[in-house]
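Each remark here refers to the structure printed beneath this line.
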Amino acid sequence: MGRARGGRTVGQTIALVVALLVIDLAVIAWLVYGYGITGWADGYDPPEQAEAPHVAEQAAWFLAGAAAVTGGGLLLARRPGVGLFQLAVLGGAAALFATLAAR
C-alpha cells in the first residue's frame, strides 16, 4: 500500500479515521440520547422551565472543546487529513446542538 506523508501508510490513516469516527458517533449518540430523555422528561413537568435547551448547550460546548482538542492536536501532530475530519465531524455536531439550544 502507498505511503502517506510522514511515513504512514494510507491504510493506517484510513484505520485511524474509521476508529475516530466510531468513537465520535458513540459520543454524539450518547449526547443525543441525553437530550432526548431530558426533553421527554420536560414534557411531564410543564410549569417548570425546560431543561433540554440547557443540556443541548452543554453538549455543544463539550463537542466544540472536543473538536478543538482532538482536531487541533492532530493538526499539530502533522495529521492534517484526520485533524480536519475531526474538526468537521465534532464541530458540525456542536453546531447542531447549538441550534437546539437556541430554541
Between the alpha carbon centres of segment 83-103 and segment 1-80 the gap in Å comes to 8 Å
With the dipole of the chain defined by +1 on each Lys or Arg Cβ and -1 on each Asp or Glu Cβ, the option from L20, A77, T99 whose Cα lies farthest towards the positive pole is A77
Helix-only mean residue ellipticity at 222 nm for the chain, each DSSP H run of n ≥ 4 adding -39500 (n - 2.57), per residue, nearest 500: -25000 deg cm²/dmol
Relative contact order for the chain, counting Cα pairs under 8 Å that sit 6 or more residues apart, in percent: 27 percent
What order do you get for 86-95, 10-19 when each peptide is scored by the mean count of other beta carbon atoms within 10 Å, highest first? 86-95, 10-19
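Rule-based calculations on the coordinates, nothing more; no lab input. Being a predicted model, the structure only gives us computed values, none of them experimental. Using ideal geometry, Cβ is built from the backbone for each residue, glycine included, and neighbour counts are taken over all protein chains shown.
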